[in-house]
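Enquirer: After the structure tokens below, expect a handful of questions from me.
The values are calculated or read from the model by the stated rules, or taken from the named source; none is laboratory data. Remember, it's a predicted structure, so these values are computed and weren't measured experimentally. We place every Cβ from the backbone using ideal geometry, glycine too, and count neighbours over all the protein chains shown. The protein model used for the area step is the full one, side chains on, heavy atoms only, and it has no ligands, DNA or RNA in it. Shrake-Rupley method; radii C 1.70, N 1.55, O 1.52, S 1.80 Å.
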Amino acid sequence: DAIISGANKIYSERQSVDELNVFPVPDGDTGTNMSMTMKACIPGLRTARDSGISEVAKSVLSQYLTPYRRTQIETVVNFISEHLADSDLTIKQLSDMCRLSEVHFRRIFASVYHQSPVKFITDLRIKKAKELLMRKDCSIASVAESCGFQNPYYFSKVFKAEMHMTPSEFRHLYQFSS
């Protein structure tokens, strides 16, 4: 949690790494404290900035969750990726896979991925939608259905909220720039 809060502080306040002090990180296995500076986290933060949060999440998974919990969260993420088109995907279903309450599942997921499971799923769906919209043979309605949205109008609303343009505008912009 301390590493994550330090990373969030850098992102939110755009502080230089040198301004942050050493802080204790509890070691769950031995109960002792170890010290770490944000300088040690810089490679992970740069990776997160350059390639998305998933690399930092994997790092956090490997360091701070038990192997059992790590496997559970990885299984859920794989399940989400494989079932993006399933519009009936629920947090209850995902939390049951981990044998956790919905609240605890949301907390663990957010601590690893820095976003809620719903936001994570939405981001993956929008990413897939962008890939499909680049193809000329897919209608907006079929893209919406392929990405797990039952209603093309709701898909357009979510897409516009995330991308600041409608799916049609995105497609036109992509085709114009190609």
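Enquirer: Identify the single condition in (1) surrounded by 15 or more Cβ atoms within 10 Å (Cβ to Cβ); (2) modelled with pLDDT of 95 or more that H114 does not satisfy, given that it satisfies every other one.
Expert: So the condition that H114 fails would be (2).
Enquirer: Still on this structure, please answer the following. Which one of these is touching a Lys or Arg at 6+ places or on another chain (Cβ under 9 Å) and part of a helix (DSSP H, G or I): S81, S95, S111?
Expert: Only one candidate passes the filter, namely S95.
Enquirer: Further, regarding this structure: Just the residues that are open to solvent by 30 Å² or more (accessible area, probe 1.4 Å) and not β-branched (V, I, T), please, taken from the range 126-143.
Expert: Within the range 126-143, K127, K128, K130, E131, M134, R135, K136, D137, S139, A141, S142 meet the criteria.
Enquirer: Next up: I need the full set of residues from the range 104-133 which are within 13 Å of I80 (Cα to Cα), out of contact with any Asp or Glu (no Cβ under 8 Å at 6 or more places or on another chain) and charged (D, E, K, R), in order please.
Expert: K119, R125, K128
Enquirer: Looking at S101, is it surrounded by 14 or more Cβ atoms within 10 Å (Cβ to Cβ), without any contact (Cβ under 8 Å) to a residue 40 or more places away in the chain and within 23 Å of Y68 (Cβ to Cβ)?
Expert: It is false that S101 is surrounded by 14 or more Cβ atoms within 10 Å (Cβ to Cβ), without any contact (Cβ under 8 Å) to a residue 40 or more places away in the chain and within 23 Å of Y68 (Cβ to Cβ).
Enquirer: Going by the conditions given, is R171 free of Cβ contacts under 8 Å to residues at least 12 places away in the same chain, surrounded by 16 or more Cβ atoms within 10 Å (Cβ to Cβ) and not in a loop (DSSP other than H, G, I, E, B)?
Expert: It is false that R171 is free of Cβ contacts under 8 Å to residues at least 12 places away in the same chain, surrounded by 16 or more Cβ atoms within 10 Å (Cβ to Cβ) and not in a loop (DSSP other than H, G, I, E, B).
Enquirer: State whether one or more residues within the range 144-159 are open to solvent by less than 60 Å² (accessible area, probe 1.4 Å), part of a helix (DSSP H, G or I), of a type outside the set (G, A, S) and closer than 30 Å to R69 by Cα.
Expert: No, there is no match, as no residue in the range 144-159 is open to solvent by less than 60 Å² (accessible area, probe 1.4 Å), part of a helix (DSSP H, G or I), of a type outside the set (G, A, S) and closer than 30 Å to R69 by Cα.
Enquirer: So, one more: Taking L132, is it outside any loop (DSSP other than H, G, I, E, B), free of Cβ contacts under 8 Å to residues at least 12 places away in the same chain and of a type outside the set (D, E)?
Expert: Considered against the rule, which asks whether it is outside any loop (DSSP other than H, G, I, E, B), free of Cβ contacts under 8 Å to residues at least 12 places away in the same chain and of a type outside the set (D, E), L132 comes out as no.
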